[in-house]
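Below is one structure, written out as structure tokens; comments come after it.
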Amino acid sequence: VLLTGESGTGKELVAKEIHTRGVDYRAPFLSENCAAISDGLLESELFGHRRGSFTGATKDHDGLFVMAGKGTLFLDEVGDMSGVMQSKLLRVLQEGQVRPVGGKDIIHVDVRVISATNKDLRRLVNEGAFRQDLFYRLNVVSTELPPLRDRKEDIPLIVQKLLENEKTPEGIPIRMSKEALRAILRYDWPGNVRELQNQIEKAVLLMEGETILDEHL
């Protein structure tokens, strides 16, 4: 499954929901941000390594493909993966097996892969920056998450969910005034749900009493 959409639209939440509704929701759900670490570390995290394969490898390490078992592996920001790592990931998806860094043994894996990106992978394929064969492997079923500005009817429900466990020091549930909600609905939220969540958390810290007012936003 390939999830696309702007940053902050909730792609990992959707991935977890897909996992929960899967064949065995009790199986592991593991994730990795492909843009956050170097190729060498990413390869070790995904495929594992054997003791002594590089400096600091003091013991064998199972990669996420193995640890996920028959569960789900969520690969976030897959569009930022280097060409070398794209080739290695493609081989794993084609063959259903991994070779740990520094190891000779082959490990068969059976894991559901959900990937996500905020980039236009088709454009990257046309530009030669992303492998076409890997794109087709990842893009079996695709879902685009629309930005929050295009689904403002969802905002009241999201706000309700974000305030669900927020209480004053006296234990009174925190609510939002109609004026504050109208202010939130007028804003376009370029940072999407993540920005909205940040704003709600900030308002809860700044407010007094039990009601978030528009002046707290």
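At a probe radius of 1.4 angstrom, the accessible area of the chain per residue rounds to 57 square angstrom.
Dividing the summed helix terms, -39500 (n - 2.57) for each DSSP H run of n ≥ 4, by the number of residues in the chain produces a 222 nm estimate of -10500 deg cm²/dmol to the nearest 500. Helix 83-95 and the long axis of the chain differ in direction by around 80°, with both axes built from C-alpha atoms.
Taking the chain as a Gaussian network of alpha-carbon nodes connected by springs under 10 Å, the highest mean-square fluctuation of the residues N139, N192, N165 belongs to N165. Helix 11-20 axis versus longest C-alpha principal axis of the chain: approximately 70°, rounded to the nearest ten. Shown for the stretch 68-119: the carbon plus sulfur share of the solvent-accessible area, taken with all protein chains present and a 1.4 angstrom probe, equals 47%. Counting charges near P100 (Lys, Arg +1; Asp, Glu -1) among other residues having Cβ under 13 Å from its Cβ returns a value of +1.
Among residues other than L124 with Cβ under 14 Å from its Cβ, the summed charge is -1 (Lys and Arg +1, Asp and Glu -1).
The length gained by stretching the chain between K70 and R122 to full extension, at 0.36 nm per residue less their Cα-Cα distance, is 15.8 nm. The equivalent ellipsoid of the stretch 153-217 has semi-axes of 19, 12, 11 Å, largest first, where each one is the square root of 5 times an eigenvalue of the Cα gyration tensor. Sparse packing (at most 12 other Cβ atoms within 10 Å of the Cβ) combined with a DSSP loop state is found for the following GluC sites (Glu not before Pro) in the stretch 183-217: E208. Close Lys pairs in the stretch 10-130, defined as Cα atoms under 18 Å apart and 8 or more places apart or on different chains, number 4.
Rounded to whole numbers, the Karplus 3J(HN,Hα) couplings from phi for the stretch 69-82 are x, 9, x, 10, 10, 9, 9, 8, 6, 5, x, 9, 6, 5 Hz, using 6.51 cos²θ - 1.76 cosθ + 1.60 with θ = phi - 60°, and x at Gly and Pro. If you sort the three axes of the alpha carbon gyration tensor as a ≥ b ≥ c, you get a/c of 1.5 or more for the stretch 33-170 and a/b no higher than b/c, which makes it oblate. Protein heavy-atom surface of the stretch 137-217, 1.4 angstrom probe: 49% of the accessible area is carbon and sulfur, with nucleic acids and ligands not counted.
The values are calculated or read from the model by the stated rules, or taken from the named source; none is laboratory data. Here the structure is a predicted model, which is why all the values come from computation and not from measurement. As a convention, Cβ positions derive from the backbone with ideal geometry for all residues, glycine included, and neighbour counts pool all protein chains shown. Surface accessibility is based on the protein's heavy atoms, side chains included, excluding ligands, DNA and RNA. Shrake-Rupley method; radii C 1.70, N 1.55, O 1.52, S 1.80 Å.
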